[in-house]
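S.K.: First the structure, which I've put down as structure tokens, then a few questions once you've had a look.
The values are calculated or read from the model by the stated rules, or taken from the named source; none is laboratory data. Every value quoted in this text rests on a predicted model; they were computed, and no experiment measured them. Here Cβ is always computed from backbone atoms with ideal geometry, including for glycine, and neighbour counts include all displayed protein chains.
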Amino acid sequence: MFRRDKGLLNWSTVRVVFSEKPFSLQPVNMMRMFSRRHTFIFKLAILVGSIFLVLCLVMLYDVGGRTSPEPWLQELSEKHSQLMGVVRGAASNMGFQIGAPLPPPSKPGTNPTSHRCPPGLYGRGDLKPHLERPPQDPLGPGAYGRPFVSGEMSPAEIKEKQDGLTKNIFNQFASDRISLHRSLGNDTRHPDCVGQQFRRCPPLPTTTVIIVFHNEAWSTLLRTVYSILHTAPAFLLTEVLLVDDASTDDHLKSRLDEYVLQLGIVRVLRQSERKGLITARLLGAQAARGETLTFLDAHCECFDGWLEPLLARIVEEPTAVVSPEIVVIDQNSLKFVKPIESAQNRGNFDWNLNFGWEQIPDEYQKQRKNQTYPIRTPTFAGGLFSISRAYFDHIGSYDDKMEIWGGENVEMSFRVWQCGGQLEIIPCSVVGHIFRTKSPHTFPNGKSVIIRNQVRLAEVWMDDYKQLFYRRNTKAAIIAKEKTYGDISERLKLKEKLGCKNFTWYLHNVYPEAYVPDLTSVKFGALENIGSKTCLDVGEKNTGGKPVTMYMCHKSGGNQFFEYTSHQELQHNINKPLCLHATPGALLVTIELCSRKGPGSGVAPEQVWHFTRASLLKNLSTDKCLTMDGAKVVLSGCDSANQNQQWIFS
């Protein structure tokens, strides 16, 4: 052990003890152990270290005392801080100190929580709307969401109504007579929603509402705006942006600009030429100042309490893209179909890449603890939703090379799910929407612009499954083959950058209930009758149980698309498996749900069709052949010479 004498080591008495037997060291002048060369290096190291410490102290004093240091000095200070951090870390490691774990990285779209946000729940006083609704006339036209009743109409009124229907594809006559401020009456949402409260900490984020319009009726546009101002809490509503996609109607020009000035937080942005919904929404998003973006159509009405549940879910899950439950505003009477106690529907898609609705599976409904819980949806309608502004940018906003309108909602649905986000419907958020039977607007290049957009999304997100779309849409197949869908390199880079999953993952994990047709069918296309040169057609809105018919061949897929499978089925399978069905004893041939449900299951004889060398289609159960009889499709005895029994895929 070591002994000290007056604070100094006495090297003459230093001993190292092993098993109580002393081992003495001879007195040595320790400095003699170093050569002159070693002494010089030792002194130089002490000198350099002293200078370094002095410089550090000077920089700490100089930089810390400045409010705006010179750029070069600021950079030097930063390097100094980094170096001192390394030194402190090394010192800690000498003592085997375990440091605190690093904080988890922020998710895209996360808003940092203020440590000063108050505890507790938002009260009614906090959630007051931007604009109080004026007193309502309970007997007024359409009051409380009731249908408009026209009564006896003059010739001038009849003409006005017809002109409005032609221009807007909804009853503008009724809309113009309903209050712009109409209340929707009592809250009919589920009690879980009515009683829902929201925490102050973390705080709900602010939002910018973006509404794109083109030649919209004055009354529906302004009623949409007022329904937002009358229902959205003032402290959450940063602004309402009305984005004009080059409207030509006079009432949507200076008159609109002057009118919204009185509303304070409503602004009008304009595109000088018609570019469509996608470009207009991007313009609105770029101008937005809210922490979140809320997109609505220009013919909506918001139910009380619609906004808070959307924003609360984004606080809980910043990568969620959330839609309200969308209810119907009748296009003829403008009746607002008030919400029932529980949500029933979610979004889907078919293999023509069209959006649709389906009932929420029972097993999924049972997993939800109460009616405030969000509903995962494979796709969304895309017209009405909220999203963190930061996450909107992170996830790739919209494909800005899509044109006008169409397909952008399905593209965003696939992209959000495959790239780590999620799509949800929030049942406690309710917004009404006028659903029209067709669009009142024309588009450059007609429907081909929509098909081009769909090809873009198929090429980027669907992998080999895109062939299922191309089989069913011959125009899409041509666009894909000729590569006239534009440059997709930036979208493919985004897909790689975000580490997005493939479409197989989407089908297995997001939409396992989806019907997926055979990727390797034997034959597919339109089934043409050689005798009549017409094609087999399922007819309009035939979802099974109705006879098939014959119609002029249009080469566009749709109702005339059939696949001949390896199981000898004739399937029409756009969104569910329907098979050509021959009922013994019945004359007419129908389309029914396919009997084969998957691997291991068989095919009912009524749905087995043998394609003979003579191009006849012979049914196994009846031993008869498919025959064209005028516009009807029947079964009759097989005759290889009868051209009305001969069929080819074209």
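S.K.: Taking the residues in segment 600-634 that are hydrophobic (A, V, I, L, M, F, W, C) and in contact with a Leu (Cβ under 7 Å, 6 or more places away or on another chain) as candidates, determine which candidate is farthest from Gly585 (Cα to Cα). Can you show your working first?
M.R.: If we filter segment 600-634 for residues that are hydrophobic (A, V, I, L, M, F, W, C), which is where we start, we get 603-604, 608-609, 611, 614, 616-617, 620, 625-626, 628, 631, 633-634.
Filter again for in contact with a Leu (Cβ under 7 Å, 6 or more places away or on another chain), leaving 608-609, 611, 617, 625-626, 633-634.
Values: Val608: 16, Trp609: 17, Phe611: 22, Leu617: 18, Cys625: 14, Leu626: 14, Val633: 14, Val634: 11 Å.
Step by step, filter segment 600-634, then rank; the result is Phe611.
S.K.: Quick one: Ile450 ticks every box in (1) in contact (Cβ under 8 Å) with a residue 60 or more places away in the chain; (2) surrounded by fewer than 24 Cβ atoms within 10 Å (Cβ to Cβ) except a single one, so which number is it?
M.R.: The number of the failed condition is (1).
S.K.: Got a number for residues in segment 577-590 being buried (at least 17 other Cβ atoms within 10 Å of the Cβ) and out of contact with any Pro (no Cβ under 8 Å at 6 or more places or on another chain)?
M.R.: 5
S.K.: Scan segment 262-278 and give yes if some residue there is in contact with a Leu (Cβ under 9 Å, 6 or more places away or on another chain), farther than 23 Å from Lys167 by Cα and part of a helix (DSSP H, G or I), otherwise no.
M.R.: yes
S.K.: Tell me the helices (runs of 4 or more DSSP H) entirely within segment 142-207 that contain at least 1 residues that are assigned by TED's automatic domain parsing to the domain that holds Ala343.
M.R.: So the answer is 191-194.
S.K.: Of all residues being farther than 30 Å from Leu498 by Cβ and of a type in the set (S, T, N, Q) in segment 307-361, which is surrounded by the most Cβ atoms within 10 Å (Cβ to Cβ)? Just the residue, please.
M.R.: The extreme case among them is Gln331.
S.K.: Additional query: So which of Gln467, Gln418 ends up being under 18 Å from the mean Cα position of the chain (by Cα), surrounded by fewer than 23 Cβ atoms within 10 Å (Cβ to Cβ) and either over 21 Å from Ile169 (Cβ atoms) or in the same structural domain as Glu317 (by TED's automatic domain parsing) (or both)?
M.R.: After applying the criteria, what remains is Gln418.
S.K.: Can you confirm whether segment 545-565 contains a residue that is crowded, with 21+ Cβ neighbours inside 10 Å, among the acidic types (Asp, Glu) and in a loop (DSSP other than H, G, I, E, B)?
M.R.: Scanning segment 545-565 turns up no residue that is crowded, with 21+ Cβ neighbours inside 10 Å, among the acidic types (Asp, Glu) and in a loop (DSSP other than H, G, I, E, B).
S.K.: Restricting the search to segment 593-615, which residues are in contact (Cβ under 8 Å) with a residue 24 or more places away in the chain and at negative phi? Reasoning before the result, please.
M.R.: At the first step, the residues of segment 593-615 found to be in contact (Cβ under 8 Å) with a residue 24 or more places away in the chain are 593-594, 596, 603, 606-612, 614-615.
Once the filter is applied, which keeps residues that are in contact (Cβ under 8 Å) with a residue 24 or more places away in the chain and at negative phi, segment 593-615 yields Leu593, Cys594, Arg596, Val603, Glu606, Gln607, Val608, Trp609, His610, Phe611, Thr612, Ala614.
S.K.: Follow-up. So, in segment 474-512, exactly how many residues are exposed (fewer than 12 other Cβ atoms within 10 Å of the Cβ) and touching a residue at least 12 places away in the same chain (Cβ under 8 Å)?
M.R.: 3
S.K.: Output the number of residues of segment 519-533 satisfying the condition of being surrounded by fewer than 17 Cβ atoms within 10 Å (Cβ to Cβ) and over 22 Å from Lys466 (Cα atoms).
M.R.: 4
S.K.: Just to be sure, is Asp304 charged (D, E, K, R), under 22 Å from the mean Cα position of the chain (by Cα), surrounded by 16 or more Cβ atoms within 10 Å (Cβ to Cβ) and modelled with pLDDT of 95 or more?
M.R.: Against the criterion (charged (D, E, K, R), under 22 Å from the mean Cα position of the chain (by Cα), surrounded by 16 or more Cβ atoms within 10 Å (Cβ to Cβ) and modelled with pLDDT of 95 or more), Asp304 does not qualify.
S.K.: Do the conditions hold for Tyr511, that is, is it assigned to a strand (DSSP E or B) and touching a strand residue (DSSP E or B) at 6+ places or on another chain (Cβ under 9 Å)? Talk me through it step by step, then tell me what you get.
M.R.: Details: assigned to a strand (DSSP E or B): no; touching a strand residue (DSSP E or B) at 6+ places or on another chain (Cβ under 9 Å): yes.
So Tyr511 fails the test.
S.K.: Hey, which of the strands (runs of 3 or more DSSP E) in segment 583-648, taking only ones fully inside, have at least 3 residues that are closer than 21 Å to Phe562 by Cα and in contact with a helix residue (DSSP H, G or I) (Cβ under 8 Å, 6 or more places away or on another chain)? Please lay out each step first, then the result.
M.R.: Numbers: elements: 590-593, 609-611, 617-619, 625-629, 632-636.
Per the criteria, 625-629.
S.K.: Okay, moving on. Would you point out which residue out of Gly145, Gly109 is under 30 Å from Arg200 (Cβ atoms) and either at pLDDT below 95 or within 31 Å of the chain's Cα centre (by Cα) (or both)?
M.R.: Going through Gly145, Gly109 in turn, the sole match is Gly109.
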